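Colleague: Before I ask anything, let me first share the structure, which is written out below as C-alpha cells.
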Amino acid sequence: MLSRSKPQTPGLKPFVYRGMFRCGECGCCITMEFKKGRSYMHCSKRKIPCSQRFSRETDIELQLREEIKSVALCSAWASEIIAHLEKEKSESAQAGSIVVIELQDSLEPLASKLDALLDLALNGRLTQDEYTLKKAELIGEKKAIQEKLDVCRKKDYDRFTPVIDFFAEASHVGELAEKGKPEEIRDFVKKTGSNFRLRDKKIAFEYKNHWRILHNFLCRPEKKKKMQNLQIGGGGGNRTRVRRPLAGTATGLVPNKSRPA
Ligand SMILES: [Zn+2]
C-alpha cells in the first residue's frame with residue numbers, strides 16, 4: 001500500500017521549473033510529474049475546477065529559449081552602447097556633479113585662508129602656538145572636504161558600472177538561448193522576470209527593471225526591423241541611424257548624479 005501511494009522514481013532528474021509557474025486560468029501552482037520517461041507540468045487544480053491540461057517540460061524549455069531572444073542584444077549594438085557609456089562615464093568623472101563642483105569650490109577659500117595665516121605668522125601678528133592651532137584646524141577642514149569629494153566622485157563613476165554590466169550580459173543572451181543549459185535559462189528568466197504563468201501550454205511572464213525597458217525597446221516593430229538590417233548589414237549604413245535612439249535609451253538607464261542632501 002505504502003509503495004503504491006509514493007511513486008518509485010529511481011534516477012529521476014530534478015524538475016527544472018519546480019515552484020516557478022502558476023496556472024494562467026485558476027492561479028494554482030503548476031506541479032511536476034514524471035510519466036513514461038518524460039517530465040510533465042500541470043495545474044495542481046487545488047482551488048477550483050480548471051480546464052488546463054498537461055504540458056511537456058521540454059516544450060516549456062523551448063518556449064523559454066525563444067522568449068529570452070526578445071532581450072538578446074546583438075553584439076554590434078552592445079559594443080556601441082558600452083563604448084558610448086564608457087565615454088559618458090569618463091566625461092562625467094572629469095566634469096563632476098553639482099556636489100563635486102560645490103565641494104571643489106569650497107576648497108579654494110581654504111587655500112587662501114592658509115596663505116593669509118602664514119602671512120600673519122610671518123608678520124609677527126600670531127604666536128607660533130596660535131599659528132599651529134589655526135593651521136591644524138584649516139588642514140582638518142580641507143581633509144574632510146577632500147574625503148567627501150573622493151566619495152562623490154566614486155559614486156558618480158560607479159553609477160555607470162551596473163548599466164554597462166547589464167548591456168554586456170544582454171549581448172550574451174542570444175548565445176544563452178541557443179546553447180545554454182535548461183537550468184541556466186531558468187536562472188536567467190527568474191532573475192530578469194516575474195509572474196510566470198502557464199496557460200493553454202503557453203508560458204507568459206513580465207520582464208523586470210532594465211530588462212523590461214530593453215524588451216519593450218527591442219520588440220517595437222520599427223526597432224526589430226532596424227536591428228535585422230544592422231545584423232544583416234554588419235555595421236553598414238544603418239549604424240549611424242540606429243545609434244542615437246539606442247544610446248539615448250542606454251543613457252536613460254544610468255541613475256542621476258549625486259545631489260546635495
Ligand atoms: Zn489551473
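Colleague: Among the residues in segment 67-86, are any within 16 Å of the ligand (Cβ to nearest atom) and in contact (Cβ under 8 Å) with a residue 12 or more places away in the chain? Show your work before the answer.
Modeller: Narrowing segment 67-86 to residues within 16 Å of the ligand (Cβ to nearest atom): none.
No; the residues of segment 67-86 include none that is within 16 Å of the ligand (Cβ to nearest atom) and in contact (Cβ under 8 Å) with a residue 12 or more places away in the chain.
Colleague: Is there any pair with a first residue in segment 40-53 that is at negative phi and a second that is more than 9 Å from the ligand (Cβ to nearest atom) and aliphatic (A, V, I, L, M) whose Cβ atoms are under 8 Å apart and which are 6 or more apart or on different chains, and what are they?
Modeller: TYR40/MET32; MET41/MET32; MET41/ILE60
Colleague: Quick check on LYS134: is it surrounded by 15 or more Cβ atoms within 10 Å (Cβ to Cβ) and over 30 Å from VAL254 (Cα atoms)? Spell out the reasoning first.
Modeller: Working: surrounded by 15 or more Cβ atoms within 10 Å (Cβ to Cβ): yes; over 30 Å from VAL254 (Cα atoms): yes.
Here the answer is yes, as LYS134 does meet what is asked.
Colleague: Of everything in segment 27-51, what is part of a strand (DSSP E or B) and more than 16 Å from the ligand (Cβ to nearest atom)? Give them in sequence order. Can you show your working first?
Modeller: Of all residues in segment 27-51, those part of a strand (DSSP E or B) come to 29-35, 38-43.
PHE34, LYS35, ARG38, SER39 - these are the residues of segment 27-51 that are part of a strand (DSSP E or B) and more than 16 Å from the ligand (Cβ to nearest atom).
Colleague: Of the residues in segment 167-176, how many are farther than 12 Å from GLU66 by Cα and in contact with a helix residue (DSSP H, G or I) (Cβ under 7 Å, 6 or more places away or on another chain)?
Modeller: Kept after step one, since they are farther than 12 Å from GLU66 by Cα, are these residues of segment 167-176: 167-172.
Still in the running and in contact with a helix residue (DSSP H, G or I) (Cβ under 7 Å, 6 or more places away or on another chain): 167-168, 170-171.
Within segment 167-176, residues that are farther than 12 Å from GLU66 by Cα and in contact with a helix residue (DSSP H, G or I) (Cβ under 7 Å, 6 or more places away or on another chain) number 4.
Colleague: How about segment 1-45: which of its residues are farther than 16 Å from ARG197 by Cα, at pLDDT 85 or above and surrounded by fewer than 18 Cβ atoms within 10 Å (Cβ to Cβ)?
Modeller: Going residue by residue through segment 1-45, those that are farther than 16 Å from ARG197 by Cα are 1-15, 33-39.
From the residues that got through so far, the ones that are at pLDDT 85 or above too are 15, 33-39.
Those that are farther than 16 Å from ARG197 by Cα, at pLDDT 85 or above and surrounded by fewer than 18 Cβ atoms within 10 Å (Cβ to Cβ): PHE15, GLU33, PHE34, LYS35, LYS36, GLY37, ARG38.
Colleague: Hey, another quick one. Those residues that are of a type in the set (Val, Ile, Thr) and either surrounded by 19 or more Cβ atoms within 10 Å (Cβ to Cβ) or within 23 Å of GLU184 (Cβ to Cβ) (or both), I need them from segment 57-102; list them, please. Even if it seems obvious, please write down each step before you answer.
Modeller: Let us first name the residues in segment 57-102 that are of a type in the set (Val, Ile, Thr), namely 58, 60, 68, 71, 81-82, 98-101.
Residues satisfying the conditions are THR58, ILE60, ILE68, VAL71, ILE81, ILE82, VAL99, VAL100.
Colleague: Can you tell which of ILE185, ILE145, ILE139 is touching a Leu at 6+ places or on another chain (Cβ under 8 Å), closer than 30 Å to PRO14 by Cβ and in a helix (DSSP H, G or I)?
Modeller: ILE185
Colleague: Scanning segment 52-66 for residues that are farther than 11 Å from ARG199 by Cα and among the basic types (Lys, Arg), which turns out nearest to the ligand (Cβ to nearest atom)?
Modeller: ARG56
Colleague: Related question: Being touching a residue at least 40 places away in the same chain (Cβ under 8 Å) and either out of contact with any helix residue (DSSP H, G or I) (no Cβ under 9 Å at 6 or more places or on another chain) or of a type outside the set (A, V, I, L, M) (or both) narrows it down to one residue among LYS179, LYS155; which is it?
Modeller: Values: LYS179 fails: touching a residue at least 40 places away in the same chain (Cβ under 8 Å).
Just a single option satisfies the conditions, and that option is LYS155.
The values are calculated or read from the model by the stated rules, or taken from the named source; none is laboratory data. Please read these numbers as outputs of a predicted model, since none were measured by experiment. Please note: Cβ atoms are built from the backbone with ideal geometry, for glycine as well, and neighbour counts cover all protein chains shown.
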